[in-house]
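S.K.: Take a look at the following structure, please.
The values are calculated or read from the model by the stated rules, or taken from the named source; none is laboratory data. Every value quoted in this text rests on a predicted model; they were computed, and no experiment measured them. Using ideal geometry, Cβ is built from the backbone for each residue, glycine included, and neighbour counts are taken over all protein chains shown. SASA here: full protein model, heavy atoms, side chains in, ligands and nucleic acids out. Shrake-Rupley method; radii C 1.70, N 1.55, O 1.52, S 1.80 Å.
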Amino acid sequence: MITKNLLLKINSIEKKYYIGKNEINALKNVSFELDKGEFIVVMGRSGSGKTTLLNILGGLDSPTGGKIFMNGKEVRDYHKEPYATEYRREKIGFVFQSYNLLKALTVEENVALPLILKNEKPLKIKERTAEILELVGLSKWHNHRSVELSGGQQQRVAVARALITSPAILLADEPTGNLDSQTSEEILQLIVNMKNKLNQSIVLVTHDPKVAAYGDRVLFFNDGEIVNEYRNQQDISINDNITMIINKFQSLIRGE
Ligand SMILES: Nc1ncnc2c1ncn2[C@@H]1O[C@H](COP(=O)(O)OP(=O)(O)OP(=O)(O)O)[C@@H](O)[C@H]1O
Ligand SMILES: [Mg+2]
């Protein structure tokens with residue numbers, strides 16, 4: 001049976017890397033589902049496979065086993081050209097820890113880039129760029145070069161750029177990793193607003209339990225496997241959810 005809101009089904013994804021004769025099992029038998037509008041957080045120690053998972057979901061890397069279904073249909077060869085570019089452009093928005101903006105371009109140009117690459121009409125690009133800049137609170141900055149902005153503002157630009165094509169999934173790898181705690185919270189609030197306003201589906205990687213408490217569900221990774229899961233409770237405070245996440249994460253690190 002297909003659940004009405006099911007967007008993505010990840011079925012026994014596996015990723016092996018080979019370095020010389022050494023085999024690295026970066027992902028082992030990873031299965032989970034992402035509903036439309038759901039915000040999933042991925043936590044785990046360094047090297048547990050979080051970035052590998054995001055890269056595979058985003059078509060930047062290919063799994064060595066398993067299947068991915070989007071809207072009930074298997075997405076085959078989505079990570080191979082000529083499909084990969086289209087898949088990334090149409091389905092995925094990426095936000096990285098290091099913003100990855102183009103220094104020579106203005107805020108507006110950075111944000112518009114995915115639509116320019118899609119050969120959209122100039123008028124449509126102009127309108128959509130203005131709309132998304134308004135949404136992330138950067139209208140006033142449209143003509144500034146990205147290097148003139150603070151880290152938090154640059155990450156806002158990156159979020160706007162990721163969402164301008166209305167992607168099915170927003171993938172964010174440690175988006176607050178370079179920011180102080182107050183700015184982290186502002187970026188998180190922005191991401192949560194996008195989830196609420198746009199019914200945006202999100203998979204976000206973080207080391208920070210405070211960040212994880214904003215998601216709907218937290219998946220805990222260890223050695224390439226999902227070893228635990230926590231659903232944030234609506235009827236307890238954010239601080240109580242943070243405590244629960246810290247406890248789960250610590251028991252994972254202790255190997256329980
Ligand atoms: N291109 C690659 N070639 C070989 N091994 C890789 C490659 N990319 C990742 N790995 C290995 O796969 C495992 C998972 O790496 P990954 O980058 O997904 O971890 P991570 O959870 O994102 O860690 P971190 O929190 O440090 O970012 C690690 O053992 C890593 O060394
Ligand atoms: Mg990583």
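S.K.: Can you run phi through the Karplus equation (6.51, -1.76, 1.60; θ = phi - 60°) for region 223-234 and list ³J(HN,Hα) in whole Hz, with x for Gly and Pro?
M.R.: Ordered by residue, 3J(HN,Hα) equals 6, x, 10, 7, 10, 6, 8, 9, 9, 4, 8, 6 Hz.
S.K.: What percent does the relative contact order of the chain come to when contacts are Cα pairs within less than 8 Å and at least six residues apart?
M.R.: The normalised contact order for the chain reaches 26 percent.
S.K.: Using the Cβ atoms and a cut-off under 14 Å, what net charge is assigned to the surroundings of G224, where Lys and Arg are +1 and Asp and Glu are -1? The partial results should precede the final answer.
M.R.: On the way: positive: K15, K16, K28, R45, K50; negative: E14, E23, D61, D223, E225.
My count for the surroundings of G224 gives 0.
S.K.: In terms of modelled amide H atoms, which long-range or inter-chain residues lie less than 5 Å from the amide H of L105?
M.R.: Hits under the 5 Å cutoff: S146.
S.K.: Another question, then. Extension gain N178-I238, at 0.36 nm per residue separation less the Cα-Cα distance, in nm?
M.R.: Working it through step by step, the gained length comes to 19.4 nm.
S.K.: How much accessible surface area, in Å² rounded to 10, belongs to the heavy atoms of D223 with a 1.4 Å probe?
M.R.: Surface accessible to solvent at D223 totals approximately 100 Å².
S.K.: If we count every other residue with Cβ under 13 angstrom of E86's Cβ, Lys/Arg +1 and Asp/Glu -1, where does the sum land?
M.R.: +2
S.K.: HN-Hα J couplings of region 195-204 from phi, Karplus 6.51/-1.76/1.60, θ = phi - 60°, integer Hz, Gly and Pro as x?
M.R.: Per-residue couplings from phi come out as 4, 6, 6, 9, 6, 6, 7, 9, 10, 10 Hz.
S.K.: Let me ask something else about it. Would you mind checking the tilt of helix 107-117 against the longest principal axis of the Cα atoms of the chain, expressed as 0 to 90 degrees and rounded to 10?
M.R.: It is inclined by approximately 70 degrees.
S.K.: I want the local charge near T52. Using Cβ-Cβ distances under 10 Å, sum +1 for each Lys or Arg and -1 for each Asp or Glu among the other residues.
M.R.: +1
S.K.: Which value, in debye to the nearest 20, describes the size of the charge dipole of the chain about its Cα centre when Lys and Arg Cβ atoms bear +1, Asp and Glu Cβ atoms bear -1, and nothing else is charged?
M.R.: Using Cβ point charges on Lys, Arg, Asp and Glu, the chain gives about 580 debye.
S.K.: Under the classification rounded if a/c is under 1.5, otherwise prolate if a/b is larger than b/c and oblate if not, where does region 98-256 fall, given a ≥ b ≥ c as square roots of the Cα gyration tensor eigenvalues?
M.R.: Details: a/c = 2.26, a/b = 2.12, b/c = 1.07.
Because a/c hits 1.5 or more and a/b exceeds b/c, region 98-256 counts as prolate.
S.K.: A further question follows. If R₀ is 25 angstrom, what is the calculated FRET efficiency for the pair D216 and E90, using the beta carbon separation as r and rounding to 0.05?
M.R.: It comes to 0.55.
S.K.: Using modelled backbone amide H atoms (1.01 Å from N, in-plane), which distant-in-sequence or interchain residues come within less than 5 Å of F94's amide H?
M.R.: L171
S.K.: Going by alpha carbons, how many degrees (0 to 90, nearest 10) lie between the helix axis of 151-163 and the longest principal axis of the chain?
M.R.: With both axes taken from Cα atoms, the answer is about 90 degrees.
S.K.: Where the only charges are on Cβ atoms (+1 Lys, Arg; -1 Asp, Glu), what is the dipole of region 1-102 about its Cα centre, to the nearest 20 debye? Could the numbers behind the result be given before it?
M.R.: On the way: 16 positive and 11 negative charges, 30 e Å.
Computed charge dipole of region 1-102: roughly 140 debye.
S.K.: Roughly how tilted is helix 238-253, in degrees to the nearest 10 and between 0 and 90, from the longest Cα axis of the chain?
M.R.: 50 degrees
S.K.: About the Cα centre of region 173-256, what is the dipole size in debye to 20, counting +1 per Lys and Arg Cβ and -1 per Asp and Glu Cβ, all else neutral?
M.R.: Values: 7 positive and 13 negative charges, 46 e Å.
Roughly 220 debye for region 173-256.
S.K.: Expressed as a whole number of Å, what is the distance separating the alpha-carbon centroids of region 79-137 and region 1-70?
M.R.: 24 Å
S.K.: Ok, one more. Testing the spin-label approximation: label points 7 Å from Cα along Cα→Cβ at V147 and N247. State their distance in nm.
M.R.: Going by the 7 Å Cα→Cβ label model, 5.0 nm.
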